[in-house]
Amino acid sequence: MTKRELSALPKLGLHGTLLLPGDKSISHRALLIGAISNGETVIKHFLHSNDCLNTLQAIRALGIDVAQHGADIIVHGKGLHGLKQPAGPLDMGNSGTTTRLIMGLLAGQNFQSELNGDSSLQKRPMRRVSDPLTTMGADIQTTAAGTLPVKIVGRSLHGADIKLQIASAQVKSALILAALLADGPSTIIEKIPTRDHTERMLRKFGANVQTASDKLTITVEPQPDLKGQTITVPGDMSSAAFFLVAGTIIPNSDITLRNVNINKTRTGILDALLKMGADIQVHELASQGEPVANLRVKSAPLSPIKLGEEDIPAIIDELPLIALLAACAHGQSTITGAQELRFKETDRIATVTQELHKLGVPVKELPDGMIIEGQPVWRINDPILDSHGDHRIGMMMAIAALRSTTRLSLNEPEAVSVSYPAFFADLNSLLNQKRECDLT
Ligand code: S3P
């Protein structure tokens, strides 16, 4: 097993400016929607991470020509009915987003296909997508446990009205993509609003996808004539979050993060940090697509926080970081209504609890969350931390290690490449420089 020595407390803090890598959710969608549009889609600032490369390989296997020009990705889309039967099973790697969105995209095609993935992905639930797709007439077979491998027998779909049982942008997006191929309009009703990148991007490509004023009801008109577009992917808030937290909890820090997506369905971490007392300035930039901003963060003392079910979708991927912030705050924090954390790349309630215990932080595991007792000073129980093969746990623990005065190490650090291959290089650049920040 690979192991990496982590940096301990930097006495002078973290300093410098980062241009964040492209948003993972938006990079996946640009490839998939580009593939079913007519003509060329140019993707700028695409996230070259393992998860997004799984989507790229999958659309190639479905007969789509994808080229790279410099840093740009060019997708030669073939329209809504232009995908071809793949020669063998499609490899989804570690990527839940690729799997669920592709299930929606392939349900209404006129060919069969099979999806498989790595050992983590093979444990994750897929009936949450196949069940609602069945109400549109889809034929999708999972294992008896409702997991991969999944067989999709493409067939014509009906428009349907579907009320979602769980708050999941992946499930919603799969249904929207399937609804594009149906024989009539569909309505999808969410439980709590989730990230809306699919709806925004489809509108840009020419689809008639409406979101009602309740922000929960989405209507989709089928058979749109989608036209290739140029997409500039904004920086990923979920990657920026590691440095927003690092800048807050490491004394004497001052970090600027450039060009970060501040779509309201993704800014739960920003709202939570500000509520806890963080010192963050937001400088919004002009943009033609998703809203973006430069963010400047300086160290600050933290108060505890309480998060419940309604807060979860906008902060779902950052909840491990909330647990870390809570571990540094003065008092008790609680996270509830977050049972979805158990179905991520790892069971993140279990892995976060286990790793924070190594740092001497009392965490009580709940079925749907955690109770965390903040400790201004940690008494390290175990210096060998573990990513558990989960990118976000690995990055969270590398940030946590910066609070320790003794050096800690991390098992399976390479997991970070799922969403942020340059994570350690970016972190090192903040440890090694003391530069003026410029927010504009
Ligand atoms: C994603 C949605 C979220 C998130 C995942 C990416 C997306 O999953 O955790 O990292 O791109 O739609 P759920 O919608 O299933 O919670």
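Kindly list, by first and then second residue, each pair from a residue in the range 163-188 that is touching a residue at least 24 places away in the same chain (Cβ under 8 Å) to a residue that is among the polar types (S, T, N, Q) and within 15 Å of the ligand (Cβ to nearest atom), limited to pairs with Cβ atoms under 7 Å and residues at least 6 apart or on different chains.
Hits for this filter: Ala167/Thr194; Ser168/Thr194; Ala169/Thr194; Gln170/Thr97; Lys172/Thr194; Ser173/Thr198; Ile176/Thr198.
Among the residues of the range 133-170 satisfying the criterion of being of a type in the set (A, V, I, L, M), farther than 25 Å from Asn94 by Cβ and more than 16 Å from the ligand (Cβ to nearest atom), which is surrounded by the most Cβ atoms within 10 Å (Cβ to Cβ)?
Leu157
Looking at the range 226-245, which of the residues that are away from the ligand (no atom under 16 Å from the Cβ) and either touching a strand residue (DSSP E or B) at 6+ places or on another chain (Cβ under 7 Å) or among the polar types (S, T, N, Q) (or both) is nearest to Glu40 (Cα to Cα)?
Gly228
Considering Ala174, Ala182, Ala145, Ala167, which residue is under 19 Å from the mean Cα position of the chain (by Cα), in a loop (DSSP other than H, G, I, E, B) and among the small types (Gly, Ala, Ser)?
After ruling out the rest, the residue left standing is Ala167.
Where in the range 1-66 are there strands (runs of 3 or more DSSP E), lying wholly inside it, with at least 2 residues that are surrounded by fewer than 24 Cβ atoms within 10 Å (Cβ to Cβ) and of a type in the set (A, V, I, L, M)?
Of the strands (runs of 3 or more DSSP E) lying wholly inside the range 1-66, those with at least 2 residues that are surrounded by fewer than 24 Cβ atoms within 10 Å (Cβ to Cβ) and of a type in the set (A, V, I, L, M) span 15-19.
Need at least 3 residues that are within 16 Å of the ligand (Cβ to nearest atom) and among the small types (Gly, Ala, Ser) per element, so show me which helices (runs of 4 or more DSSP H) inside the range 267-385 make the cut, counting only ones lying wholly within it.
Counting at least 3 such residues, we get no helices (runs of 4 or more DSSP H) at all.
Report whether or not Ser119 is within 25 Å of the chain's Cα centre (by Cα), away from the ligand (no atom under 16 Å from the Cβ) and in a loop (DSSP other than H, G, I, E, B).
yes
Considering the range 136-171 alone, what residues qualify as being touching a strand residue (DSSP E or B) at 6+ places or on another chain (Cβ under 6 Å) and either closer than 28 Å to Thr265 by Cα or β-branched (Val, Ile, Thr) (or both)?
Answer for the range 136-171, where residues must be touching a strand residue (DSSP E or B) at 6+ places or on another chain (Cβ under 6 Å) and either closer than 28 Å to Thr265 by Cα or β-branched (Val, Ile, Thr) (or both): Ile140, Thr142, Val150, Ile152, Val153, Gly159, Ala160, Asp161, Ile162, Lys163.
Every number in this text was worked out from the coordinates using simple rules, so none of it is lab data. Please read these numbers as outputs of a predicted model, since none were measured by experiment. Please note: Cβ atoms are built from the backbone with ideal geometry, for glycine as well, and neighbour counts cover all protein chains shown.
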